[in-house]
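This report refers to the structure that appears directly beneath it.
The values are calculated or read from the model by the stated rules, or taken from the named source; none is laboratory data. Given the structure is predicted, the values throughout are model-derived calculations rather than measurements. Virtual Cβ from ideal backbone geometry, glycine too; neighbours counted across all protein chains shown.
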Amino acid sequence: MDDKIISGIPVEYEAIKEATIELQFNMASDLYTGSLLKTLAASKPLGRFLELGAGTGLATAWIVSGMDEKSSLIAIENNEILIAVANKNIVDNRVDCMLADAYEWIRDYKGEKFDFIFADAMPGKYDLFDETIAMLTSGGLYIIDDMLPQPNWPLGHDEKVRSFIIGLESRDDLLMTKMNWSTGIIIITKK
């Protein structure tokens, strides 16, 4: 098996990747994470999806490519320039790429729960985790990436990651799998 061969790359991927490089945005999800997101998204037919930290939309495109026609995705990003790339390239009536502060959005959200949450930002990952996991349906998937050291981490971020993982491991209301693969993935579901 050669995991370097990745198939089914979304049609929007190359245009989004080029814009991401041009903007020098260095926090986009990699191909491995994208491929995993697509596969996991396909496991949630008629699903309600949430992405926190959409960036330029690279991971968003992967999630959308795994969704069925009756699913929907809300993708939150607080940077107007980044979310503009996603909105330009991901034209799909199932997707709402929103310019919003995820901290405020999470605190204010009163809608239906989600079947799939991809937390790729501080809120939903290190901050407001309890509030965000409460938005997950029973049997839903909560995916977190960048749990292995990354070149763009600020000084001291490794301790924040370590504390977060220890906190997750101490909870008895969650089931999780830690994957020392890609950028470091954790997949969670509620008991």
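Counting only residues that are within 12 Å of THR56 (Cα to Cα) and either in contact with a Cys (Cβ under 8 Å, 6 or more places away or on another chain) or of a type in the set (Val, Ile, Thr) (or both), the range 15-38 holds 3 of them. Within the range 146-168, is even one residue under 20 Å from LYS44 (Cβ atoms) and either β-branched (Val, Ile, Thr) or touching a residue at least 60 places away in the same chain (Cβ under 8 Å) (or both)? No - not one qualifying residue is present in the range 146-168. Here THR183 fulfils each of the conditions (1) touching a Pro at 6+ places or on another chain (Cβ under 8 Å); (2) part of a loop (DSSP other than H, G, I, E, B); (3) among the β-branched types (Val, Ile, Thr) apart from (1). Within the range 11-25, the set of residues being more than 14 Å from LYS88 (Cβ to Cβ) and touching a Gly at 6+ places or on another chain (Cβ under 7 Å) comprises just one member, PHE25. Within the range 29-41, residues that are within 16 Å of MET67 (Cβ to Cβ) and surrounded by 17 or more Cβ atoms within 10 Å (Cβ to Cβ) reach partners that are β-branched (Val, Ile, Thr) and modelled with pLDDT under 95 with beta carbons closer than 6 Å, at six or more positions or on different chains, in the pairs SER35/ILE6.
Consider the range 33-74 and keep the residues that are aliphatic (A, V, I, L, M) and out of contact with any strand residue (DSSP E or B) (no Cβ under 9 Å at 6 or more places or on another chain). The one that is nearest to LEU148 (Cα to Cα) is LEU58.
For THR189, state whether it is surrounded by fewer than 16 Cβ atoms within 10 Å (Cβ to Cβ) and among the polar types (S, T, N, Q). Talk me through it step by step, then tell me what you get.
Numbers: surrounded by fewer than 16 Cβ atoms within 10 Å (Cβ to Cβ): no; among the polar types (S, T, N, Q): yes.
When the stated conditions are applied, THR189 does not pass them.
One line per residue, one yes/no per condition, for (1) of a type in the set (Gly, Ala, Ser); (2) closer than 19 Å to ALA84 by Cβ; (3) in a loop (DSSP other than H, G, I, E, B):
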| residue | (1), (2), (3) |
| --- | --- |
| ASN26 | no, yes, yes |
| SER29 | yes, yes, yes |
| TYR32 | no, no, no |
| SER35 | yes, no, no |
| ALA41 | yes, no, no |
| LEU46 | no, no, yes |
| LEU50 | no, no, no |
| ALA54 | yes, yes, yes |
| SER65 | yes, no, no |
